[in-house]
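Asks: Shown below is the structure under consideration.
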Amino acid sequence: MGGCFSDVRGGKQAVGVGLTGPSMSPMPTSDATLNDAVDHFFRARGLHQLFTQVELSLSGSRLRDRDIISKSDPMVVVYTKKRDGTLEELGRTEVIMNSLNPAWIKKITVAYHFEIVQPLIFHVYDVDTKYFNLPVKMLKLNDQEFLGEGGCVLSEIVTKQGQSLTLDLHNRNGNRGLKNLGKLTVHAEETVASRNAIEVIFHCSRLENKDLFSKSDPFLRISRIVENGGSIPICKTEVVDNNLNPIWRPLCLTMQQFVSKDNPLVIECFDFNSSGNHVLIGKLQKSVADLEKLHKQKTGANFILPSSAQHGYEKVLKGQLFVDQFCEKPLYSFIDYVSSGFELNFMVAVDFTASNGNPRTPDSLHYIDPSGQFNAYQQAIMEVGEVIQFYDSDKRFPAWGFGGRTIDGTISHCFNLNGSASGVEVEGVQGIMAAYASALNHVALAGPTLFGQVINNAAEIAGQSLSYSSCKYFVLLIITILDADDGRRLESSTGRVATRDIVQFVPMREVRAGGQTSVVQALLEELPGQFLTYMRSRDIKPGAVNIAQTSASHATI
């Protein structure tokens, strides 16, 4: 189980870009969350959905400062309180560095039921800097500083004028012993039932330099103006270091984010500072329709800078914003693809290094319990395989082992798990389980932990599928033991950085210990998004007209 790098975090990463909207639904965790498969079931029978999807936008003010030499780095965790009083997590915002007045971009989706009282609980944390490179969902909340909590009922928000509610934060369990813990504002908006999106590429020229010894590190933040006159941030680009003429990676904005082509957007350009005190380089206000016009006319728009010296005066700057690309495209859902013939092909590789412990002792991760209880490897194979097998028509799965000493006495970093010299595939999930159990009797644990050869073989199979004119997406499950994981972006031995975030990491100890989140959910929750990112990046569409098109990729989870 490699490492996941695709969650939203603080820092220089883009947030809210291309991974939102109805086609990017989270995996359902309760009856109150979005499930597009269930929704499709009702709509196919002419029935209306029983709920309305709303997105919650969050901002804070005057939060507690728990850091000594800087400001708090806040994140919000949103829960729904169930009837038995337990809390069920709905989602987490990104981490915003060094800010006591944050406006988070990541939205939290919740299904609004008119007929149900839906209590919401908001916990605000100061995230320790040593965890900045980890995805927010992997953060252990007990390791973070608790800043305060607030609560309300969902109907309280949606019935407010402007659909915004400001909560006073207090200590846990309603303890108000400490005052002035700050405030949290929650804004709710109904999701827009639209699959339309725009893809744009921005670049700037002649930006004003805000740094003393180098050039500015610019990024764009885009906000949508709402009815009450305020604005809600919807996305930000990545940071381009040391550049006054930056070009950013493409942005994919959904109709849910910008509402309509005529709705005004505020585009701000900042110079990034690790202290969190980003310096405004300039701003401008344009609608999506205006951006389309800039693209057609191949002209730039000048940034302005509000002046504090003279009220109402705005300085027009030399720096300009250009739209290099503008195109409208439909957003297809995961179901659109798999229902039109696209498949997920499952592959698995198991760690046979000595770091797993002697398989004959109960403390080994490879220990086969006589009672029939699965070890961590068996549990991961069964739970992940049972989900993915339904998206693979022939249910024949390549299965490897690595880091073991095979029958001929050599250490192999990629051997067929079934012991065959000719065929790597096994029949079904039970075939993987049987091959794994057999390999434990014929392969001695060795090392070191190297799975480059496994990845190369998986990539070769994915590449060969192109010649068969099939629409496939390959999923490789690597089950291993890693000494440490710092969440850094995946790099090759030559320093080449991965172009797509297609690695999902779940610690084996958490799989073994179990818990509220199953290994299936933890491993697979980002797979539909990775699949869609691949298809969209290559403009591959679902439907019979595109069956002749081919696709091959592999995701390591």
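Asks: Which condition number does Gly341 fail, the rest of (1) of a type in the set (Gly, Ala, Ser); (2) at pLDDT 90 or above; (3) within 27 Å of the chain's Cα centre (by Cα); (4) at positive phi being met?
Replies: (2)
Asks: Given the conditions (1) modelled with pLDDT of 95 or more; (2) over 22 Å from Phe322 (Cβ atoms); (3) acidic (Asp, Glu), report the number of the one that Asp217 does not fulfil.
Replies: The number of the failed condition is (2).
Asks: Is it the case that the stretch 283-295 has a residue that's among the polar types (S, T, N, Q) and surrounded by 12 or more Cβ atoms within 10 Å (Cβ to Cβ)? I'd like the intermediate steps shown before the answer.
Replies: Taking the stretch 283-295 as the starting set, the residues that turn out to be among the polar types (S, T, N, Q) are 285, 287.
Applying the additional criterion that residues be surrounded by 12 or more Cβ atoms within 10 Å (Cβ to Cβ) yields 285, 287.
Yes, the stretch 283-295 has at least one match.
Asks: Among the residues that make up the stretch 149-161, is at least one of them basic (Lys, Arg) and in contact with a Lys or Arg (Cβ under 9 Å, 6 or more places away or on another chain)?
Replies: Taking every residue of the stretch 149-161 in turn, none turns out to be basic (Lys, Arg) and in contact with a Lys or Arg (Cβ under 9 Å, 6 or more places away or on another chain).
Asks: Further question: Answer yes or no as to whether Val239 is in a loop (DSSP other than H, G, I, E, B) and among the β-branched types (Val, Ile, Thr).
Replies: Details: in a loop (DSSP other than H, G, I, E, B): yes; among the β-branched types (Val, Ile, Thr): yes.
Here the answer is yes, as Val239 does meet what is asked.
Asks: Follow-up. Step by step: first the residues of the stretch 406-420, then only those that are hydrophobic (A, V, I, L, M, F, W, C) and more than 17 Å from Val348 (Cα to Cα), then the one that is modelled with the lowest pLDDT. Which residue is that?
Replies: The first filter runs over the stretch 406-420 and keeps only residues hydrophobic (A, V, I, L, M, F, W, C), leaving 407, 411, 414-415, 417.
The next check asks that each one be more than 17 Å from Val348 (Cα to Cα); those that pass are 407, 411.
Working: Ile407: 89, Ile411: 96.
The extreme case among them is Ile407.
Asks: Mind checking which residues of the stretch 257-281 are outside any loop (DSSP other than H, G, I, E, B) and either more than 22 Å from Glu314 (Cα to Cα) or of a type in the set (Val, Ile, Thr) (or both)?
Replies: Correct list: Gln257, Phe258, Val266, Ile267, Val279, Ile281.
Asks: Here is a follow-up. Identify all residues within the stretch 473-502 that are at pLDDT 60 or above and under 14 Å from Gln530 (Cβ atoms); write none if there are none.
Replies: Passing the criteria: Tyr473, Phe474, Val475, Leu476, Leu477.
Asks: Could you tell me how many of the residues in the stretch 224-239 are β-branched (Val, Ile, Thr), open to solvent by 10 Å² or more (accessible area, probe 1.4 Å) and under 30 Å from Glu190 (Cβ atoms)?
Replies: Residues in the stretch 224-239 being β-branched (Val, Ile, Thr), open to solvent by 10 Å² or more (accessible area, probe 1.4 Å) and under 30 Å from Glu190 (Cβ atoms): 3 in total.
Asks: Taking Asn142 as meeting all but one of (1) touching a Gly at 6+ places or on another chain (Cβ under 8 Å); (2) exposed (fewer than 15 other Cβ atoms within 10 Å of the Cβ); (3) not small (Gly, Ala, Ser), write down the number of the exception.
Replies: (1)
Asks: Which is open to solvent by 30 Å² or more (accessible area, probe 1.4 Å), among the β-branched types (Val, Ile, Thr) and modelled with pLDDT of 85 or more, of Val192, Val200, Val186, Val153?
Replies: Only one candidate passes the filter, namely Val153.
Asks: Among the residues of the stretch 388-410, which ones are among the β-branched types (Val, Ile, Thr) and surrounded by fewer than 18 Cβ atoms within 10 Å (Cβ to Cβ)?
Replies: Let us first name the residues in the stretch 388-410 that are among the β-branched types (Val, Ile, Thr), namely 388, 406-407, 410.
If the condition is that a residue be among the β-branched types (Val, Ile, Thr) and surrounded by fewer than 18 Cβ atoms within 10 Å (Cβ to Cβ), then Ile407, Thr410 are the ones that fit.
Asks: Against the condition under 23 Å from Ile455 (Cβ atoms), without any contact (Cβ under 8 Å) to a residue 24 or more places away in the chain and not hydrophobic (A, V, I, L, M, F, W, C), how does Ser307 come out, does it pass?
Replies: It is false that Ser307 is under 23 Å from Ile455 (Cβ atoms), without any contact (Cβ under 8 Å) to a residue 24 or more places away in the chain and not hydrophobic (A, V, I, L, M, F, W, C).
Asks: Okay, next question. If Gly341 satisfies every condition in (1) more than 19 Å from Ala439 (Cβ to Cβ); (2) open to solvent by 60 Å² or more (accessible area, probe 1.4 Å); (3) out of contact with any helix residue (DSSP H, G or I) (no Cβ under 7 Å at 6 or more places or on another chain) but one, which is the exception?
Replies: In the conditions (1) more than 19 Å from Ala439 (Cβ to Cβ); (2) open to solvent by 60 Å² or more (accessible area, probe 1.4 Å); (3) out of contact with any helix residue (DSSP H, G or I) (no Cβ under 7 Å at 6 or more places or on another chain), Gly341 misses (2) alone.
Asks: Of everything in the stretch 373-387 that's open to solvent by 50 Å² or more (accessible area, probe 1.4 Å) and part of a loop (DSSP other than H, G, I, E, B), which residue is farthest from Trp400 (Cα to Cα)?
Replies: Gln373
Asks: Turning to a different aspect of this structure: Can you name the residue in the stretch 297-324 that is open to solvent by 60 Å² or more (accessible area, probe 1.4 Å) and in a strand (DSSP E or B) and is also nearest to Asp392 (Cα to Cα) among such residues?
Replies: Residue satisfying both the conditions and the ranking: Asp324.
Asks: Same structure, new question: Could you count how many residues in the stretch 391-421 are out of contact with any strand residue (DSSP E or B) (no Cβ under 9 Å at 6 or more places or on another chain) and part of a helix (DSSP H, G or I)?
Replies: Qualifying residue count for the region: 0.
Asks: Here is a follow-up. Say we look at the stretch 256-269 and pick out the residues that are crowded, with 21+ Cβ neighbours inside 10 Å and hydrophobic (A, V, I, L, M, F, W, C); which of these is farthest from Val239 (Cα to Cα)?
Replies: Residues of the stretch 256-269 crowded, with 21+ Cβ neighbours inside 10 Å: 256-258, 265, 269.
Remaining after also requiring hydrophobic (A, V, I, L, M, F, W, C): 258, 265, 269.
Values: Phe258: 22, Leu265: 20, Cys269: 10 Å.
Checking each candidate, the answer is Phe258.
Asks: Take Thr86 and tell me if it is in contact (Cβ under 8 Å) with a residue 24 or more places away in the chain, more than 17 Å from Glu145 (Cβ to Cβ) and either open to solvent by 40 Å² or more (accessible area, probe 1.4 Å) or among the hydroxyl-bearing types (Ser, Thr, Tyr) (or both).
Replies: No; evaluated as a whole, the condition is false for this residue.
Asks: The conditions are (1) closer than 30 Å to Lys541 by Cα; (2) touching a residue at least 40 places away in the same chain (Cβ under 8 Å); (3) of a type in the set (A, V, I, L, M, F, W, C), and Ile368 fails exactly one of them. Which is it?
Replies: Failed condition: (1).
Asks: Scan the stretch 100-113 for residues that are assigned to a loop (DSSP other than H, G, I, E, B), open to solvent by less than 30 Å² (accessible area, probe 1.4 Å) and within 22 Å of Val17 (Cα to Cα) and jot them down.
Replies: Pro102, Trp104, Ile105
Asks: From the set of residues in the stretch 240-255 that are modelled with pLDDT of 95 or more and of a type in the set (A, V, I, L, M), which is surrounded by the most Cβ atoms within 10 Å (Cβ to Cβ)?
Replies: In this case the residue turns out to be Val240.
The values are calculated or read from the model by the stated rules, or taken from the named source; none is laboratory data. Keep in mind the model is a prediction, meaning the values are calculated, not measured. As a convention, Cβ positions derive from the backbone with ideal geometry for all residues, glycine included, and neighbour counts pool all protein chains shown. For the accessible areas, the whole protein counts, side chains as well, though only heavy atoms, and no ligand, DNA or RNA atoms are used. Shrake-Rupley method; radii C 1.70, N 1.55, O 1.52, S 1.80 Å.
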